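Participant: Would you mind keeping the following structure in view while I ask a few things?
What follows is calculated from the coordinates using simple rules that are stated; it is not laboratory data. Keep in mind that this is a model prediction, so the values were computed, not measured. All Cβ positions, glycine included, derive from the backbone under ideal geometry; neighbour counts span all protein chains shown.
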Amino acid sequence: MDSKAMYKLTYGLFVLTSAFDGTDSGCIINTAGQVTSDPNRISITVNNGNFTRELVQNSGKFNISVLSEQADFEIFRHFGFQSGRTTDKFAGYAACRRSENGLYYITAGTNGYLSASVEQSIDLGSHTMFLASVEDMEVLSDAASATYAYYQSSIKPKPAAPSGSGKTAWRCRICGYTYEGEELPADFICPLCKHPASDFEKVTI
Ligand code: FE
C-alpha cells in the first residue's frame, strides 16, 4: 500500500465562518463539497478543536467563503494560524460583510460564498462532519478557486535558499516554519500554524 495516493486527492480552500450568542469567528478548512444537487446540499468537516466548529454546532448555520488564487498568505495566517478562542478575528477586519443569515463572509481573496443551514452532524472523533442545505450564495469574482496544491506552490512563503551549512532541520509542510535540529520531538506542535510533528519534513539548510 502506498499512502502517498492520498496526496492525489484534490481540495479547495475555504474560510468557514459562523456566529453564536453574539460571537463571530472563522477558520480555514479544505473540506467543503457539494453532495446533492436537488436539494442543494454541501458537506464540511471541521477539526473538533476549532472554536468555529462550536459556533456551527450551536447555531446550526455557517458561511463558506471560497478562497481564490488572489488570496494572500495573510488570510491563511489570520484565519488559520490563531484561535478564535483567544482572538476576535473580526475586530478591525475590514474585508468582510454580513450575508442575509447575519453571518460574515470574506470579500477579499475570495470568489464566492455559500450560506448553509445544518441538517445533520456526525462526530468523527477528531472532526465533526456537517451536512447542510445551501440557503443563499453569491459570486464575488471571476478569479480561479485556490486549490490546496496552489496554496503549496504559490501562496505559502518560499523557504530560504539553503545556506550551505549542511545542518538538518524540520520544515512544516503547512506554513513553512523551520525547526533547526537533528531530531524533531514527537510531541512538537508548530508554533505558527499549530500542526503536529507529522506535518514536518526533514530538510538540509
Ligand atoms: Fe506550521
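Participant: With a cut-off of 8 Å between alpha carbons and a minimum separation of six or more residues, what is the relative contact order of segment 70-132 in percent?
Facilitator: 23
Participant: Same structure again: Can you list the lysines whose alpha carbon sits under 28 Å from that of LYS158, skipping same-chain ones fewer than 8 residues off?
Facilitator: List returned: LYS4, LYS8, LYS89, LYS167, LYS194, LYS202.
Participant: Sticking with this one: For the chain, what relative contact order do you get, as a whole percent, if you take Cα pairs closer than 8 Å and at least 6 residues apart?
Facilitator: 20
Participant: Next question. Under 13 Å from the 7 Å Cα→Cβ point of SER3, by amide nitrogen: which residues of segment 176-202?
Facilitator: 197-200
Participant: Could you grab the relative contact order for segment 90-187? Cα pairs under 8 Å, six or more apart, rounded to a whole percent.
Facilitator: Computed over segment 90-187, the figure is 17 percent.
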